[in-house]
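The values are calculated or read from the model by the stated rules, or taken from the named source; none is laboratory data. The shown structure was predicted, so the numbers you read here are calculated from the model rather than taken from an experiment. Here Cβ is always computed from backbone atoms with ideal geometry, including for glycine, and neighbour counts include all displayed protein chains. Surface accessibility is based on the protein's heavy atoms, side chains included, excluding ligands, DNA and RNA. Shrake-Rupley method; radii C 1.70, N 1.55, O 1.52, S 1.80 Å.
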Amino acid sequence: MRHGEVHNPEGVLYGRLDGYHLSELGRRMADRVAEHLAPRDITYVVASPLERAQETAAPIAGTHDLELATDPRLIEAENVFQGKTFGVGDGALRRPANWKHLVNPFRPSWGEPYTEQAERMLAAVEAARDAARGHEAVCVSHQLPIWTLRSHLENRRLWHDPRKRECTLASLTRFTFEGDRLVSVGYSEPARDLVPAHLLAGAKPVKGESKAYGA
């Protein structure tokens, strides 16, 4: 699961920074998904250590009377632009100081390599699978690592156009295993009606509105 909306009025790329909590809307998203998952056979809930992921996972763990676990491998991708505004129309691409970080979109040169994200996320998912063996687990993470893992498991290239990520706020990316073998990948948006239109998967960027691609 990707976390819910974050309170971020300045439009900062918050990355791994502390202190970014769910907004009131984000809490409603988390509650909606917890309600959606209530009938499921969930025996393990684990989240990234960042506040927004922990707060998203808490209602799910509570609904199933489970202790919330934390796995640092589910954390947001590292990004050199963390703490800065870096959205459509803000002029970031015209700043010479940023150019050195934009030379290689295939790695990418501005942050944690896609291959490393895929490896740590897969290890976290496999650990959750083992912890809930025979049942279901929920892992709460962040958009880019989730999309990178899905791309890896679906044998797609890891570099991509961020606007085309299918990983909306509070969405569920489902990995189904038979034993240790992955047999299917699915995707759903239980809180879609709560997500602002410009933040939905596939929405076109709007000047002045941050899509929070790496959030």
**Item:** Simple spin-label estimate for THR115 and LYS164 in nanometres, 7 Å along Cα-Cβ
**Value:** 2.2
**Asked** In whole Å, how far is the Cα centre of segment 8-30 from that of segment 46-85?
**Response** 12
**Item:** Extension gain, ARG40 back to HIS7 (0.36 nm per residue minus Cα-Cα distance, nm)
**Value:** 9.0 nm
**Prompt:** Counting only protein chains, not ligands or nucleic acids, how are ARG129, ARG2, ARG32, ARG174 ordered by accessible area (probe 1.4 Å), most first?
**Reply:** ARG174, ARG32, ARG129, ARG2
